[in-house]
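The values are calculated or read from the model by the stated rules, or taken from the named source; none is laboratory data. Given the structure is predicted, the values throughout are model-derived calculations rather than measurements. Because the Cβ atoms are built from the backbone with ideal geometry, glycine has one as well, and the counts that use them run over all protein chains shown.
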Amino acid sequence: MCYDKFTPLKFKLNCGDDLELLKQRILKDGHVSSDNVLKVDSFLNHQLDIQLLSEIGNEFYRIFANNNITKILTIEASGIAIASMAGIHFNVPVVFAKKTKSKNIDGDVYIGTVQSFTHGRKYDIIVSRKFLCDNDRILIIDDFLARGNAMLGLIDIVNQSGAQLCGAGVVIEKGFQNGGKLLKQKNVNLHSLAVIKSMKDGKLTFG
Ligand code: 5GP
């Protein structure tokens, strides 16, 4: 059956806006598939609402514009579209960590390890050394922040490269899963566009 509920957003996540409309979109089109997993595949994770992604990219630019970012780092697959939209505004390259070592990666690599939230297993993430340098100023972008493992894996790779981590931008943080707390304890300059306080019994509450 074809998903026919797609209604592209006609809004701007303007400066100072409390991102109410992003929250409304999550409430309208997101659904909780178990107590801890929020499905947003009709606009963020599978089918992409490009207008929304463009506004999200713009909002990340507004937040981190003064950080002299030279590269955006994300993780495949869902982070790529979001990071790319931000990359247009920053006018910097976007590097994505790969989840499997493919023949397309030649030479030396940085390797981090991530405990997958959605699949419940550990996997390596890989970035070619030639794409992260010690004079880079990095912004990490991802779709979700839950327990913080994907972020920690990416931060590990930034640290291995000697680059400076200037910030981390997340579209949806599940505030009840402690990833945000963990990153703030590590002094990461974290900004989440929507923070979910609770998803109990399929009901979403924002923080
Ligand atoms: P963490 O590593 O912070 O525990 O989880 C973050 C990663 O797991 C993100 O890259 C995201 O792809 C995935 N993830 C975590 N929670 C959710 C969720 O509720 N819904 C979806 N769609 N992905 C999630």
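Which ones in region 145-188 are part of a strand (DSSP E or B) and surrounded by fewer than 18 Cβ atoms within 10 Å (Cβ to Cβ)? Gln164, the sole residue that qualifies.
Determine whether Leu139 is part of a strand (DSSP E or B), crowded, with 19+ Cβ neighbours inside 10 Å and modelled with pLDDT of 95 or more.
Numbers: part of a strand (DSSP E or B): yes; crowded, with 19+ Cβ neighbours inside 10 Å: yes; modelled with pLDDT of 95 or more: yes.
When the stated conditions are applied, Leu139 passes them.
The set of residues in region 41-62 that are in contact with a Leu (Cβ under 9 Å, 6 or more places away or on another chain) and of a type in the set (Val, Ile, Thr) contains only Ile56. Please indicate, with yes or no, whether at least one residue in region 167-176 is farther than 15 Å from Val114 by Cβ, charged (D, E, K, R) and away from the ligand (no atom under 11 Å from the Cβ). The answer is no; no qualifying residue exists. Scan region 189-207 for residues that are at pLDDT below 95, more than 10 Å from the ligand (Cβ to nearest atom) and either assigned to a loop (DSSP other than H, G, I, E, B) or under 17 Å from the mean Cα position of the chain (by Cα) (or both) and jot them down. Matches in region 189-207: Lys203, Leu204, Gly207. Looking across region 42-62, just one residue is closer than 16 Å to His191 by Cα, in contact (Cβ under 8 Å) with a residue 60 or more places away in the chain and not hydrophobic (A, V, I, L, M, F, W, C), and that is Glu59.
Restricting attention to region 28-45, the residues that are in a strand (DSSP E or B), among the β-branched types (Val, Ile, Thr) and buried (at least 16 other Cβ atoms within 10 Å of the Cβ) add up to 1.
Looking at region 46-62 only, could you name the residues that are assigned to a loop (DSSP other than H, G, I, E, B) and among the aliphatic types (A, V, I, L, M)?
Leu48, the sole residue that qualifies.
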